[in-house]
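A.B. asks: Just dropping this structure here.
Please treat every number below as a calculation from the coordinates, not as lab data. Note that the structure is predicted; figures quoted are calculated from it, not measured. Quick reminder, even Gly has a Cβ in these numbers, built from the backbone with ideal geometry, and neighbours come from all protein chains shown.
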Amino acid sequence: MDGRTFLKAVMDARGLNPHALGAKSGNPSLQSTVHRYLERKVNEPRRATLQPLADFLQVDVAAFFDADKARAELARLGLLAGPSEESNVSEGPAIRGPYPLISEVQAGMWTELCDNFAPGDAEDWLPSTKNLGECGYMLRVRGKSMEVPGARVSFAEGMVLHVKAPADPQPGDFVIVRRNGTDQATFKKYVMIDGHPYLEAINPDWPKELKYLPMQPGDTWCGVVVDASLGGLSRA
């Protein structure tokens, strides 16, 4: 195991990429250090160069240079079972991201914001088990229009949506759409009725006049929801 493999294992386990690491550490130079190191754009760096990174990740800097130290650190962090241990869990899905948790207004303008989005502009940065793409984002559910208590598919208020963008939705997908004439996005199910596109509120008790909203010229796709979570019940 080399230092790059060790670093990637620690970052993946914590839902970090170089961009988010620089933002969360408060040391933007770490983003460049990590990127250049992982992409092999520099020769083996000195310990002094990697020490701030090791300090932030709370690992022994020697693990970047010694395979035995790296394995010992991964075992200490619970990321590698020791030779005498029997695991009672299976490997989980790969962690992607983290992705920015943004507001409905930001989601409605996401096409314009994505390329120039600054770390501090997000409410938080969260990992996903889905690949949301370079412009993927998270959005918190507001209201009860998409809640179906007791159903297999239900989106309660406060849940976090994992959104892939840009969007190429198909009927049946759950989508984020900016309605024409507004500055913020809405979350609904994309359906076709008699050959015409509608946005459906899946709550069976939702008022009839609001349950199916016909799509209008000027409505803008802002993403397809590919997963949802409770959004960090006990993050450190």
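A.B. asks: Given the options Thr182, Thr129, Thr220, state which has the largest fluctuation in a GNM of the chain using a 10 Å cut-off (strictly under) for Cα springs.
C.D. replies: Thr182
A.B. asks: Could you compute the net charge surrounding Ser25? Neighbours are other residues with a C-beta less than 15 Å from the C-beta of Ser25; K and R count +1, D and E count -1. Each step should come with its number before you reach the end.
C.D. replies: Working: positive: Arg14, Lys24; negative: Asp55.
Here the count lands on +1.
A.B. asks: Between 0 and 90 degrees, rounded to the nearest ten: what's the tilt of helix 47-57 against the longest Cα principal axis of the chain?
C.D. replies: Helix 47-57 sits at roughly 50 degrees to that axis.
A.B. asks: Another question, then. Of the residues Ile95, Ile193, Ile202, which exhibits the maximal mean-square fluctuation in a Gaussian network model of the chain defined by a 10 Å Cα contact cut-off?
C.D. replies: Ranking Ile95, Ile193, Ile202 by mean-square fluctuation puts Ile193 first.
A.B. asks: Taking 0.36 nm per residue of sequence separation and subtracting the Cα-Cα distance, how much length would be gained by fully extending the chain between Ile193 and Ala62, in nm to one decimal? Before the final figure, lay out the partial values.
C.D. replies: On the way: separation 131, 0.36 × 131 = 47.16 nm, distance 6.23 nm.
Extra length from Ile193 to Ala62 when fully extended: 40.9 nm.
A.B. asks: With a 10 Å cut-off between alpha carbons and a GNM built on the chain, which of Val153, Val224, Val175 moves the most?
C.D. replies: Answer for the Gaussian network model of the chain: Val153.
A.B. asks: Among all cysteines in the chain, which have no other cysteine Cβ under 4.7 Å from their own Cβ?
C.D. replies: Cys222, each lacking another Cys Cβ under 4.7 Å.
A.B. asks: Using modelled backbone amide H atoms (1.01 Å from N, in-plane), which distant-in-sequence or interchain residues come within less than 5 Å of Lys188's amide H?
C.D. replies: Val175, Val177
A.B. asks: With each label point set 7 Å from Cα along the Cα-Cβ vector, what nm distance links Ser154 and Glu209?
C.D. replies: Result: 2.8 nm between the two label points.
A.B. asks: Filter the GluC sites (Glu not before Pro) in segment 120-168 to those in DSSP coil with at most 16 other Cβ atoms within 10 Å of their Cβ, and list the result. Present the calculation step by step, with values, prior to reporting the outcome.
C.D. replies: Working: sites: Glu123, Glu134, Glu147, Glu157; in loops: Glu123, Glu134, Glu147, Glu157.
Loop-located and lightly packed - Glu123, Glu134, Glu157.
A.B. asks: Can you give the translational diffusion coefficient of segment 96-229 in µm²/s, computed by Stokes-Einstein from the Kirkwood radius over Cα pairs at 37 °C and 0.692 mPa s? Intermediate values should be presented prior to the final figure.
C.D. replies: Values: Rh = 15.0 Å.
Estimated diffusion coefficient is 218 µm²/s.
A.B. asks: Round to the nearest 10 and give me the degree value, 0 to 90, for the angle of helix 29-38's Cα axis relative to the longest principal axis of the chain.
C.D. replies: The angle comes out at about 80 degrees.
A.B. asks: Please list, ordered by chain and number, the residues whose modelled amide H lies under 5 Å from the amide H of Gly136; skip anything fewer than 5 residues away on the same chain.
C.D. replies: Excluding prolines and chain starts, which carry no amide H, the hits are Ala165.
A.B. asks: Given 20 °C and 1.002 mPa s, compute D for segment 171-236 with the Stokes-Einstein relation, Rh being the Kirkwood radius over Cα pairs; round to the nearest whole µm²/s. Working shown, then result.
C.D. replies: Details: Rh = 13.2 Å.
Calculated translational D: 162 µm²/s.
A.B. asks: Right, next: Kirkwood-based Rg over Rh for the chain (C-alpha set), two decimals?
C.D. replies: Values: Rg = 21.5 Å, Rh = 20.1 Å.
Taking Rh as the inverse mean 1/r over Cα pairs, Rg/Rh reads 1.07.
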